[in-house]
1. Take the alpha-carbon centre of region 273-293, take the same for region 318-385, and report the distance between them in whole Å.
2. What number, in percent, do you get for the relative contact order of the chain if the mean sequence gap of Cα pairs under 8 Å and at least 6 apart is divided by its residue count?
3. Could you tell me the distance between the Cα centroids of region 142-167 and region 222-256, to the nearest Å?
4. Using the 2.2 N^0.38 Å rule of thumb for compact globular proteins, work out how region 197-241 stacks up: its C-alpha Rg over that value, please.
5. In Å, the Kirkwood hydrodynamic radius of region 154-294 over pairs of distinct alpha carbons?
6. Can you give the helix-only mean residue ellipticity at 222 nm for the chain, where every DSSP H stretch with n ≥ 4 adds -39500 (n - 2.57) and the sum goes over all residues, rounded to the nearest 500 deg cm²/dmol?
7. Using packing as a proxy for protection, rank 351-361, 178-188, 265-275 so that the peptide with the highest average count of other Cβ atoms within 10 Å comes first.
8. Please sort 45-51, 21-27 by packing, taking for each peptide the average over its residues of neighbouring beta carbons within 10 angstrom, highest first.
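Every read-out reported here was derived from the displayed coordinates using simple, explicitly stated rules and does not represent laboratory data. Please read these numbers as outputs of a predicted model, since none were measured by experiment. Note: ideal-geometry Cβ built from the backbone for every residue, glycine included; neighbour counts use all protein chains shown.
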């Protein structure tokens, strides 16, 4: 049977014109048993459309690891290392991940207590909640009515030592059903988004770049971001903005000399824009919570200087300034009409181009609502590629 594709089921809140190329449901093929020819077709589809959905997929942890690895055959370890969080319980990621013993690259995530699962006798899972990470939170009364928030917009990446995974695979095994929730932005805009219970929300990094006005496109194409060492430990004492898009600047980050041992050579500096290996398009790919500095190259010779930001280049080290600039550039792309909130069903498999989208956990479950997912992403064999000289000439 030939591979068939159909558009993703967009919610009424989505602007269809912004999703013309984003996301496809794949039919007629089993993702766990792809032939080499079928995989090549899936690979092209993923890079072209950023996210692929397979319904009613049968997928063992071994098959999920093999599928994820096929996108980057030299990759081996889980995206944060096979010890998950850098051998420290201080990491903000530590409570969210449980390793499948026989396939350490696959993580069990979800909510509630799961028994006798793939070699785990008992696993207590906790769905991440904005109430433990944001500076402010919705009231208990509103939460009881189903009001919630984006938890943290991010890229799956260690952002220290290891290279960002190319692809993440998410497989729904136990999916509780429930009333829809209202995701509030609580940033003074009045924006809100109706979402399915426990949705994973996605936005396009390509759209994030294309929305920018000319002067910010010029800045983006010339810039690189520096991430903090062990960023998930560094950010753990801090609080996120109510949109989940970055950290409030309150001086709460862990001091660099209090972090686990780190080496300057392993600190990551990445372009703001990552080049799609198939389409050649530029995707705005910044994990706003881990950023600490910004490097801006000067305008190329002959470029118009009028209205340009930092025309002579810059090295920005003021954390508040760097975060404010990132927020200004990224916030338009998480507008309700630009978010795809996936409505999970059991045996849904979603593949997403981790170097082309940002995503967020959303919502809250009650302790007795059991949810179990398998997640796999692998630290890549190379770092992302940024804009080339022609891109800089075009946009700067």
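1. If you average the Cα positions of each part, the centres end up 13 Å apart.
2. Working: 908 pairs, mean separation 113.4, N = 396.
Value for the chain: 29 percent.
3. 13 Å
4. Values: Rg = 15.1 Å, N = 45, 2.2 N^0.38 = 9.3 Å.
Taking the Cα Rg and dividing by 2.2 N^0.38 Å, one obtains 1.61.
5. Working: mean 1/r = 0.0573 Å⁻¹.
After inverting the mean inverse Cα-Cα distance, the result is 17.4 Å.
6. Numbers: 8 runs with 66 residues, N = 396.
Result for the chain, helices only: -4500 deg cm²/dmol.
7. Details: 351-361: 25.6, 178-188: 16.5, 265-275: 19.6.
Most protected by this proxy first, the peptides run 351-361, 265-275, 178-188.
8. Per-residue Cβ counts within 10 Å, averaged per peptide and sorted highest first, yield 45-51, 21-27.
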